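The values are calculated or read from the model by the stated rules, or taken from the named source; none is laboratory data. Because the structure is predicted, anything quoted here is derived from the model rather than measured. No Cβ is skipped: glycine too gets one built from the backbone with ideal geometry, and neighbour counts run over all protein chains shown. These area figures cover heavy atoms from the full protein model, side chains too; ligands, DNA and RNA do not enter into them. Shrake-Rupley method; radii C 1.70, N 1.55, O 1.52, S 1.80 Å.
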Amino acid sequence: MLVMGILNVTPDSFADGGINLDANTAIARGREMAAEGADIIDVGGESTRPGADRVTPDEEQARVIPVIRALAEDGFQVSIDTMRAETARLAVQAGATIVNDVSGGAADPLMLATVAELDCTYILMHWRGHSKEMNSKAIYGDVVVDVTSEISMQVEKALLAGVKREKIVIDPGIGFAKDAEHNWEILRRLDEFTELGFPVLIGHSRKRFLGGAEPSDREASTVEVTKSLVGRGIWGVRVHGVKANVEALSQ
Ligand code: PMM
């Protein structure tokens, strides 16, 4: 299972408090995560925590591009966590090889065609709306049936736009328009996601459904969930605490 280290270059990410806002601090943390065993460094400049405001494209790009360039020059595999086609393009030009789009192509009408043109790996996450509105959209019949079918619809759109099937990774979007019970149900029934035939990424790290008042209280439960994914055909996990999760996977 691959470990993707989260490098949020934001002042307001819910789980790491924006400690990486300065480019040099972020680059140093990215190098540290690689040394701890991260296979991919996921660089993001816009917080997607529930209720967060959007940042402008200029601000997002100013945050992430120097960090991506430095880490890619070091030879690390870098992904760009963005919903914007233009940010994705600049990131890939700066050396990123993966576009991680939490909106699965739904936020920016140019995203899927841009990814097709860039010919990079595309992480297509399940999403129902921006941070301000997503909590009100956590309404499902059967959450796994609904989420897998909505992912499949976005996959179809990606393929129609020219994204190659073998470039697509899917992600159920833990915590995005989902309440705690929805997240646990998804984690119990992951085989229904792997059966879709794409690599599956899981981003559970330090999220609210794990319990605990503060994100830092959720590290032990994050590691427990990571361990529970072993042997279930999962492609990768997206985590803040690279060292603890890598250690857990090597036991
Ligand atoms: N979660 C967040 C941000 N980006 N990307 C993917 N593919 N999957 C996720 O679950 C995901 C993501 C929000 O968490 P953060 O604020 O800790 O980065």
Do we find that Ser205 is closer than 24 Å to Asp81 by Cα and open to solvent by 40 Å² or more (accessible area, probe 1.4 Å) in this structure?
no
Specify the residue that is most open to solvent (accessible area, probe 1.4 Å); the eligible residues are those in segment 209-251 that are under 18 Å from Gly5 (Cβ atoms) and among the basic types (Lys, Arg).
Lys243
Out of (1) open to solvent by less than 40 Å² (accessible area, probe 1.4 Å); (2) closer than 26 Å to Val155 by Cα, the odd one out for Pro109 is which?
(1)
Any residue at all in segment 129-138 that's open to solvent by 40 Å² or more (accessible area, probe 1.4 Å) and basic (Lys, Arg)?
yes
Quick one: in segment 57-101, which of the residues that are within 16 Å of the ligand (Cβ to nearest atom) and open to solvent by 10 Å² or more (accessible area, probe 1.4 Å) is farthest from Val239 (Cα to Cα)?
Arg84
Filter result for the condition that a residue is at pLDDT 95 or above, out of contact with any Gly (no Cβ under 6 Å at 6 or more places or on another chain) and at positive phi, over Gly203, Gly233:
Gly233
Just checking: which of the helices (runs of 4 or more DSSP H) contained wholly in segment 161-230 hold 1 or more residues that are touching a helix residue (DSSP H, G or I) at 6+ places or on another chain (Cβ under 9 Å) and within 12 Å of the ligand (Cβ to nearest atom)?
180-188, 219-228
Between residues in segment 176-195 that are touching a residue at least 60 places away in the same chain (Cβ under 8 Å) and residues that are assigned to a loop (DSSP other than H, G, I, E, B), which pairs lie under 8 Å by C-beta distance while being six or more apart or on different chains?
Phe176/Thr48; Phe176/Val102; Phe176/His126; Phe176/Trp127; Phe176/Arg128
Cross-chain or 6+ apart pairs with Cβ under 7 Å, segment 21-32 first and surrounded by 13 or more Cβ atoms within 10 Å (Cβ to Cβ), then part of a helix (DSSP H, G or I) and of a type outside the set (Ser, Thr, Tyr):
Ala23/Pro66; Ala23/Val67; Ala26/Val67; Ile27/Val67; Ile27/Ala70; Ile27/Leu71; Gly30/Val67; Gly30/Leu71
